[in-house]
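Worksheet: the structure to be examined is printed underneath.
The values are calculated or read from the model by the stated rules, or taken from the named source; none is laboratory data. This is a predicted model, so every value here is computed, not measured. When we count neighbours, we look across all protein chains shown, and the Cβ atoms used for this are built from the backbone with ideal geometry, even at glycine.
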Amino acid sequence: MEEEKRHAMSPKEVIEFFNYPKSTDYDQWKAWNSLKKNDAHRKKRSRSLGATRTDEFVEVKRKVNKDGNKSYAKLATEMGCSKQTIANTINKDLGYSSYKKRHRMILTEGTRESRRVKVAALLNNLKHETAGLLRFFSDENFFSQDQNSNRQNDRWICQNVDEVPVVKHTRFPSSVMVLGVISSEGDKGLKVNMAIYIDVMKKVVKPWMDLVANGRPYVFQQDSAPAHKSRETQVWLLESLPYHWSPDLWPPSSPDCNPLDYFFWGMVENKTNKHAHNTLDSLRAAIVEEFANMKKDVVAKACGRFRLRLKMVVATDGGYIEK
């Protein structure tokens, strides 16, 4: 067919000359034309986009490396090109991606060193003194009456923006402070409203842990909040519990090591605050329900990542372990 095209023969002339069936010749003719058009389209598209990106490539790379906070729209305006061209340059040519900013606790050099040393000591403790013991993890968290909303990820598909529901927030929302306790074997979490810490430990937390442990020795974890590391609290823990990790052993600024922080609070809050609560009683009831509905295997699996996370802290010299 290429030969016939070069000699400018029409389909009719080809049929008469070669005695081809009409269907065969026309099918070949259409296929050849389609191939030629597609090839021309690809070449044209490649040149236009390629030329645009290549001409602007060095400047875009310089701007992005200087200030990674600029939006695609801002870069497109500065470069005088389309937003899609900027996206192609950044994603395809540079191999970069746009990520959400990371929010982390401040870790000074002293804090990092303390984390590294204490986590190493805690790992050693897990191998020897508390090896095989049931572990109870505890932590406090504030729950607000307002609805939770992630402005970047929360979307609503509709035809008109007026159809999008409004997420309302009060200026000073009421909140509930909750003390959560979970066991490493996946027993359903204990939820109590915070009052006087030792009183809560005596009347609620310890009886529950004793019931779950059923005569087995266990170790209790808490962070280094002022109420936890006070002398009065430490004396009571030492006298009343089989074993607990003291502030000298638990690493500072380490929510990334506590299952309640790195998993449960977010999971519970996503459900309890999917909608706003008109009263604190409604909020409390939602929290209690979520803790009661926790699946044992989910709790155990999350707690099972505890030792691995400690090793990750050591591997990063006390630095951040979450991306």
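Restricting to the range 65-76, name every residue that is in a helix (DSSP H, G or I) and exposed (fewer than 13 other Cβ atoms within 10 Å of the Cβ).
Residues satisfying the conditions are ASN65, LYS66, ALA73.
Would you tally the residues in the range 280-323 being among the aromatic types (Phe, Trp, Tyr) and either within 17 Å of PHE143 (Cα to Cα) or in the same structural domain as VAL181 (by TED's automatic domain parsing) (or both)?
So the count comes out to 2.
Looking for something among the aromatic types (Phe, Trp, Tyr) and under 20 Å from PHE306 (Cα atoms) - is there at least one such residue anywhere in the range 196-213?
No.
Here is a yes/no grid of residues against (1) exposed (fewer than 14 other Cβ atoms within 10 Å of the Cβ); (2) touching a residue at least 60 places away in the same chain (Cβ under 8 Å); (3) more than 25 Å from TYR320 (Cβ to Cβ):
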| site | (1), (2), (3) |
| --- | --- |
| LYS202 | yes, no, yes |
| ALA213 | no, yes, yes |
| ASP223 | no, yes, no |
| ASN258 | no, yes, no |
| TRP265 | no, yes, no |
| ALA276 | no, yes, yes |
| LEU280 | no, yes, yes |
| GLU290 | no, no, yes |
| CYS303 | no, yes, no |
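Residue check, TYR99 against (1) at pLDDT 85 or above; (2) under 25 Å from the mean Cα position of the chain (by Cα); (3) assigned to a loop (DSSP other than H, G, I, E, B), all met but one. Which one?
(1)
Take the conditions touching a residue at least 12 places away in the same chain (Cβ under 8 Å) and among the charged types (D, E, K, R) and apply them to ARG284. Does it pass?
Yes; evaluated as a whole, the condition is true for this residue.
Check whether at least one residue in the range 246-255 is surrounded by 17 or more Cβ atoms within 10 Å (Cβ to Cβ) and farther than 21 Å from LEU310 by Cα, and report yes or no.
Scanning the range 246-255, I find no residue that is surrounded by 17 or more Cβ atoms within 10 Å (Cβ to Cβ) and farther than 21 Å from LEU310 by Cα, so the answer is no.
Restricting to the range 124-138, give me the number of residues that are more than 30 Å from the chain's Cα centre (by Cα), of a type in the set (A, V, I, L, M) and surrounded by 15 or more Cβ atoms within 10 Å (Cβ to Cβ).
Result for the range 124-138: 1.
When only residues in the range 218-267 that are assigned to a loop (DSSP other than H, G, I, E, B) and touching a Cys at 6+ places or on another chain (Cβ under 9 Å) count, which is nearest to GLU113 (Cα to Cα)?
PRO251
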